[in-house]
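The values are calculated or read from the model by the stated rules, or taken from the named source; none is laboratory data. Only a predicted model underlies this, so the values are computations on that prediction, with no experimental measurement involved. Ideal geometry is used to build each Cβ from the backbone, glycine not excepted, and the neighbour counts take in all protein chains shown.
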Amino acid sequence: MIESLLVANRGEIARRIIRTARRLGIRAIAVHSEADAGLPFVTEADEAVCVGPANPAQSYRNVEAILAAAKSTGAQAIHPGYGFLSENADFARTVEASGLIWVGPGADAITAMGDKINARNLMAAAGVPVAPGTTDPAADLDAAVVAAAEIGYPVMVKAAAGGGGMGMGVATDEAALRTEYDKVRSFAERMFGDGSVLIERYFPRVRHVEVQILGLADGRVVALGERECSVQRRNQKLVEESPSPAVSPELRERILAAAVRAGEAVGYRNAGTVECLLVPRQRDASGDGPASEEFYFLEMNTRLQVEHPVTELVYGVDLVEEQLRVAAGLAPTFDPDALAPRGHAIELRINAEDPKRFLPGPGVIKTWVEPTGEGVRVDSGYVEGNTVTPFYDSLMAKLIVNGATRAEAIERAKAAVAAFELAGPKNNLPFFAELLENEEFLSGDYDTAIVTRMR
């Protein structure tokens with residue numbers, strides 16, 4: 001097993017990784033910006049190094065500073081968490097070229113999946129369903145217009161290098177396409193340094209379901225169930241649950257098999273997520289049967305996901321430990337041929353944002369009391385007295401609950417939301433209290449527009 005680990009991230013995910021590392025007897029090393037010096041992940045690490053000012057480009061994305069910290073502390077491996085440099089293939093290559101262990105998929109897999117058009121084409125070749133769309137970037141507006149006419153409106157205009165719900169627009173006709181194409185291309189050039197644009201069929205009513213995969217050290221790829229991620233604002237997730245209430249046993253078998261094929265197609269190692277769109281169909285006359293049966297590949301996230309805890313609770317594994325074992329060339333702690341889910345888990349992302357418009361509301365945390373009890377877990381990045389700054393993502397904590405059934409998990413979530421005492425920054429706990437009483441959510445028959453309908 002790895003003996004010393006540098007965590008190239010911050011907040012709750014850094015704290016989460018450090019917790020597992022220390023449980024395994026691994027020396028945990030944190031890197032932090034000047035703005036984060038007082039956060040728990042810094043004080044809980046065995047060693048911590050400041051790598052720059054608040055600006056992420058000068059700290060958490062500062063490759064030279066992070067590698068210098070690894071060298072000065074004698075780190076053996078680097079775990080990138082999610083965001084920042086986690087899906088940067090050049091960083092992965094540089095880490096390994098420096099003689100360090102990279103806790104993540106290989107750089108070639110990151111590169112292959114980092115471009116949405118290339119990823120779509122690879123998946124189609126591997127027999128993974130993809131939505132109708134372009135196989136090459138739409139070189140200019142005229143090409144986009146022709147492609148959209150062939151695909152059929154409405155269409156989604158996507159930045160090929162985008163991710164995290166950014167760099168997308170919907171066009172219902174040619175006039176809208178002309179506006180959205182220029183907008184998305186300009187955004188993509190500014191944010192990702194790549195203005196390549198993909199045109200794809202847009203489904204007005206869809207569910208967002210993803211599969212957790214793990215590429216093992218022996219070359220096998222296994223799937224650890226699916227997660228429902230359809231509660232979103234601005235195409236970014238707020239709630240995740242596992243298993244998905246929309247997925248029938250027959251569909252689950254198909255979607256998990258497709259996710260494994262996706263991983264095998266790129267020789268995937270370590271943790272990753274295959275994201276899919278589920279297109280709902282009408283229920284039969286009796287009202288029975290699942291509302292979704294067809295699925296299409298959306299993208300692959302070549303890293304650990306924010307929502308990995310729901311999979312951990314349903315499958316009884318520590319995905320960070322499994323990541324470390326794969327990176328060290330060790331077998332998993334579980335039997336890959338005997339994976340079986342138990343119960344139901346739900347995650348709520350507690351953000352420093354107002355619960356109506358979801359606009360950021362950073363500030364000093366005056367009160368922070370986490371809920372406890374059976375089936376309740378909180379992965380937090382802050383404690384009372386800390387300051388949520390405007391420099392980073394608004395995520396403060398993840399409230400995760402599990403129960404024997406979805407109904408039991410929802411009841412525990414309601415109680416936990418009510419018991420979570422948080423004052424200072426704006427927060428979205430009131431939204432979750434509302435959601436957990438919403439009939440559409442309670443029924444399990446909801447889609448990605450549920451938050452819009454609630455507002």
Subject >> Which numbered condition Ala217 fails, given (1) outside the structural domain of Leu256 (by TED's automatic domain parsing); (2) in contact (Cβ under 8 Å) with a residue 40 or more places away in the chain; (3) surrounded by fewer than 19 Cβ atoms within 10 Å (Cβ to Cβ) >> reply: (1)
Original post:
So Ala217 clears everything in (1) closer than 30 Å to Leu435 by Cα; (2) part of a loop (DSSP other than H, G, I, E, B); (3) modelled with pLDDT of 95 or more except one condition, right? Which one?
Top reply: (1)
Original post:
Can you tell which of Asp108, Asp182, Asp136 is more than 30 Å from Glu241 (Cα to Cα) and either among the aromatic types (Phe, Trp, Tyr) or without any contact (Cβ under 8 Å) to a residue 40 or more places away in the chain (or both)?
Top reply: Asp136
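Table: residues versus (1) without any contact (Cβ under 8 Å) to a residue 24 or more places away in the chain; (2) over 20 Å from Lys71 (Cα atoms); (3) of a type in the set (Phe, Trp, Tyr).
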{"site": "Val7", "(1), (2), (3)": "no, no, no"}
{"site": "Arg16", "(1), (2), (3)": "no, yes, no"}
{"site": "Ala21", "(1), (2), (3)": "no, no, no"}
{"site": "Leu39", "(1), (2), (3)": "no, yes, no"}
{"site": "Glu47", "(1), (2), (3)": "no, no, no"}
{"site": "Val51", "(1), (2), (3)": "yes, no, no"}
Original post:
What is the one condition in (1) farther than 17 Å from Phe203 by Cα; (2) not in a helix (DSSP H, G or I) that Ala175 does not satisfy?
Top reply: (2)
Original post:
Within region 363-381, restricting attention to residues that are more than 16 Å from Ala419 (Cα to Cα) and of a type in the set (A, V, I, L, M), which residue is surrounded by the fewest Cβ atoms within 10 Å (Cβ to Cβ)?
Top reply: Val364
**OP:** Scan region 21-62 residue by residue and report those that are surrounded by 18 or more Cβ atoms within 10 Å (Cβ to Cβ), in a strand (DSSP E or B) and not basic (Lys, Arg).
**Re:** Ala28, Ile29, Ala30, Val31, His32, Ser33, Ala48, Val49, Val51, Gly52
Original post:
How many of the residues making up region 33-71 are closer than 20 Å to Glu96 by Cβ, under 23 Å from the mean Cα position of the chain (by Cα) and either at pLDDT below 95 or of a type outside the set (A, V, I, L, M) (or both)?
Top reply: 3
Original post:
Among the candidates Ser230, Ser244, which residue alone is at pLDDT 95 or above, more than 17 Å from Gly127 (Cβ to Cβ) and outside any strand (DSSP E or B)?
Top reply: Ser244
Original post:
Residues in region 138-148: is at least one under 30 Å from Tyr446 (Cα atoms) and in a helix (DSSP H, G or I)?
Top reply: yes
